[in-house]
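Down below is the structure, laid out as structure tokens.
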Amino acid sequence: MILRDIIVGIDTIDRALTIYMQDLSNPASEAILLEQDEDSSILRTYNGQEYHYLLEVFLAKEVIEDFVVIQGRKPSIEEALKRVYDYGVNDA
């Protein structure tokens, strides 16, 4: 799964989950959804692979909802992907 796959299904994903990516410098990198651990670790190991914190699903949903308010329309998948990725890498 990649971040784009998560964005496509974001409406059905549990808000309590957190998005992690293998390579934060690549928006097409492998991504996973995990429950946030107790120490809010920014680096998680899953199936022997390291994943870096991007942001919580509830924040991704808010970023997309903000686009609707500002632009007056629903974003395309690519627009939503760019906004969520940029927010996660630069602001979260």
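The values are calculated or read from the model by the stated rules, or taken from the named source; none is laboratory data. Remember, predicted model here, so these are calculated numbers, not experimental data. Neighbour counts run over all protein chains shown; Cβ positions are idealised from the backbone, glycine included.
Quick notes on this one:
- Residue check for Leu24: not β-branched (Val, Ile, Thr) and not in a loop (DSSP other than H, G, I, E, B): no
- The residue that is nearest to Ile19 (Cα to Cα), among those in segment 35-53 that are modelled with pLDDT under 95 and not in a loop (DSSP other than H, G, I, E, B), is Glu35.
- Cβ-Cβ contacts under 6 Å between residues 6 or more apart (or on different chains), taken from a first residue in segment 19-41 that is under 14 Å from Met1 (Cβ atoms) to a second residue that is surrounded by 13 or more Cβ atoms within 10 Å (Cβ to Cβ) and acidic (Asp, Glu), are listed as Gln22/Glu30; Ser29/Asp23.
- Among the residues here, Glu56 does not qualify as out of contact with any Leu (no Cβ under 8 Å at 6 or more places or on another chain) and modelled with pLDDT of 95 or more.
- Residue check for Arg44: of a type in the set (Lys, Arg) and surrounded by 16 or more Cβ atoms within 10 Å (Cβ to Cβ): yes
- Against the numbered list (1) in a loop (DSSP other than H, G, I, E, B); (2) surrounded by fewer than 16 Cβ atoms within 10 Å (Cβ to Cβ), Glu62 comes up short only at (1).
- Filter result for the condition that a residue is of a type in the set (A, V, I, L, M), buried (at least 16 other Cβ atoms within 10 Å of the Cβ) and touching a Phe, Trp or Tyr at 6+ places or on another chain (Cβ under 8 Å), over Leu55, Leu34: Leu55
- Inter-residue pairs, beta-carbon under 9 Å, first more than 19 Å from Leu43 (Cα to Cα) and at pLDDT 95 or above and in segment 65-92, second acidic (Asp, Glu) and surrounded by fewer than 15 Cβ atoms within 10 Å (Cβ to Cβ), 6+ apart: Arg83/Asp66
- Restricting segment 1-49 to residues that are small (Gly, Ala, Ser) and under 21 Å from Ser76 (Cβ atoms), the residue that is nearest to the chain's Cα centre (by Cα) is Ala31.
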